[in-house]
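Everything on this sheet refers to the single structure shown next.
The values are calculated or read from the model by the stated rules, or taken from the named source; none is laboratory data. Since the structure is predicted, the reported quantities are computational estimates derived from the model, not experimental observations. Reconstructed Cβ throughout: ideal geometry from the backbone, glycine too, with neighbour counts over all protein chains shown. Accessible surface areas use protein heavy atoms only, side chains included; no ligands, DNA or RNA. Shrake-Rupley method; radii C 1.70, N 1.55, O 1.52, S 1.80 Å.
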Amino acid sequence: MKTVVFAYHNMGVIGCSALKKHGFDIKCVFTHKNDENENIWFESVQAWCEKNNIEYFTPENVNTKEWIDKIASYKPDIIFSFYYRNLICEDILKLAPFKAINLHGSCLPAYRGRAPVNWVLVHGEKQTGVTLHYMVKKPDAGDIIAQKCVDIDFYDTAKTLYEKLEKLAFTLLDETLPHIKNNTVKPVKQDESKASYFGRRTKQDGLIDFNKTSIEIYNLIRAVTKPYPGAFCYYKGKELIIWWAIPYSIQLKPKQIAKIDNKVYIGAKQGSLELKEVEYDGKTYKEKEILNLLEGGYL
């Protein structure tokens, strides 16, 4: 089957590799240029294409007549999207007679939209997964082709959870691509009553609200800790990034700093957080080093 692929990130490399393994004829790949302001900790789809001698493009907007005509010239049988960051217009989706298929990082219909791995942690979910679904005009709303889910551990971060989803995606694609190729899939409509949608996260979304519970703050911290921008607050007028902290039942007032048994705690609406690793004024501090950094009182 002739295919045009939209791909980025580790999932993009996993998806492209799976298509090649299962004999799909990849005519070209659309990917993104790396953002200079982003911490690039993931694999490059562009590098994968260069290694495998596959044509690729990096347009800022693929939904123009120029690019629609370019894609049409390949006469794709099917289109795939693996963690491509931009919406793909209907004029492109309808070019392939076997439709367009997307790999999404949640158990749809929950957590449609951007950054699902981060959002499920922010909300303290116990399970997530990966879903292959047909692409329609509405984001992540098409019929489900296949899905695999996995439990979220209490100490999972966005990075460790993403690694779990990578393994799931590898298995899901390996099992499902032969059925897609043979046109033997049995798609299932999504239950709109269970659908939820979340948008792109920004650095400002990492600002900690100490009027939330210690568990809620912990969930934010693990959702955006390294390699993401981090959860932060302010101390003496400067940004204090909390890279890691553990929730405790010790009750303090919100934003109160307490030193107990050579450990530093910050109070929340309910419970407190023991600081394990922070960054302040460009320097990283761990555990006992934090004792010398923060004074008693309040943030």
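Structural remarks
- Residues of segment 142-186 that are open to solvent by 60 Å² or more (accessible area, probe 1.4 Å) and touching a His at 6+ places or on another chain (Cβ under 9 Å): 147, 181, 186.
- Selection status of residue 251, out of contact with any strand residue (DSSP E or B) (no Cβ under 8 Å at 6 or more places or on another chain), of a type in the set (S, T, N, Q) and either assigned to a loop (DSSP other than H, G, I, E, B) or at pLDDT 95 or above (or both): no
- Residue within segment 189-210 that is open to solvent by less than 60 Å² (accessible area, probe 1.4 Å), small (Gly, Ala, Ser) and without any contact (Cβ under 8 Å) to a residue 40 or more places away in the chain present: yes
- Exactly one residue out of 216, 274 is open to solvent by 30 Å² or more (accessible area, probe 1.4 Å) and modelled with pLDDT of 95 or more: that is 216.
- Considering (1) of a type outside the set (D, E, K, R); (2) closer than 18 Å to residue 17 by Cβ; (3) in contact (Cβ under 8 Å) with a residue 40 or more places away in the chain, the lone condition that residue 146 does not fulfil carries the number (3).
- Residues of segment 47-89 satisfying the condition of being under 22 Å from residue 176 (Cβ atoms), assigned to a loop (DSSP other than H, G, I, E, B) and of a type in the set (Val, Ile, Thr): 54, 88
- Per the listing 276, 288, the residue uniquely charged (D, E, K, R), over 19 Å from residue 221 (Cα atoms) and in contact (Cβ under 8 Å) with a residue 24 or more places away in the chain is 288.
- Every residue from segment 1-45 that is modelled with pLDDT of 95 or more, open to solvent by 60 Å² or more (accessible area, probe 1.4 Å) and either out of contact with any Asp or Glu (no Cβ under 7 Å at 6 or more places or on another chain) or small (Gly, Ala, Ser) (or both): 20, 21, 25, 27
- Residue identified as under 24 Å from residue 186 (Cα atoms), open to solvent by less than 70 Å² (accessible area, probe 1.4 Å), among the aromatic types (Phe, Trp, Tyr) and in contact (Cβ under 8 Å) with a residue 24 or more places away in the chain among 82, 98: 82
- Among residues of segment 34-49 that are closer than 15 Å to residue 7 by Cβ, none has a Cβ under 6 angstrom from a residue that is loosely packed, with under 13 Cβ neighbours inside 10 Å and of a type in the set (Asp, Glu) at a sequence gap of 6+ or on a separate chain.
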